[in-house]
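Please read the structure below before turning to the comments.
The values are calculated or read from the model by the stated rules, or taken from the named source; none is laboratory data. Predicted model, so just to flag it, every value in this text is computed and none were measured. Cβ coordinates were reconstructed from backbone atoms using ideal geometry, including for glycine residues, and neighbour counts include every protein chain displayed.
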Amino acid sequence: MTSDVTLVGVTARSNRQKSDQDPATWMPAPQVHCRYIGEWVATKHRWALAVDQAEREALLRYAASCPNANLSFERAS
């Protein structure tokens, strides 16, 4: 099963900056925060992945600035 938001094309520079960091330690440019955290959370739900406390706090902090965001996802089979 694939999802349009499982992979997002980015520049090599952006990919190097992010590395294996989660939203607790790295975020993309502010204008895409809402999309990024939406896709991050949807992917976590879809694959039933764990979220640590620092990551959860960061996601909630960033989500507070996205008041009209709707999130949908498909559970992986």
Specify the residue that is surrounded by the fewest Cβ atoms within 10 Å (Cβ to Cβ); the eligible residues are those in region 38-64 that are under 12 Å from the mean Cα position of the chain (by Cα) and within 9 Å of ALA24 (Cβ to Cβ). ARG56
Of the residues in region 36-56 that are farther than 19 Å from LYS18 by Cβ and part of a helix (DSSP H, G or I), the one that is modelled with the highest pLDDT is GLN53
Report, by residue number, each residue of region 8-54 that is farther than 20 Å from ASN68 by Cα and of a type in the set (S, T, N, Q). THR11, SER14, ASN15, GLN17, SER19, GLN21, THR25, GLN53
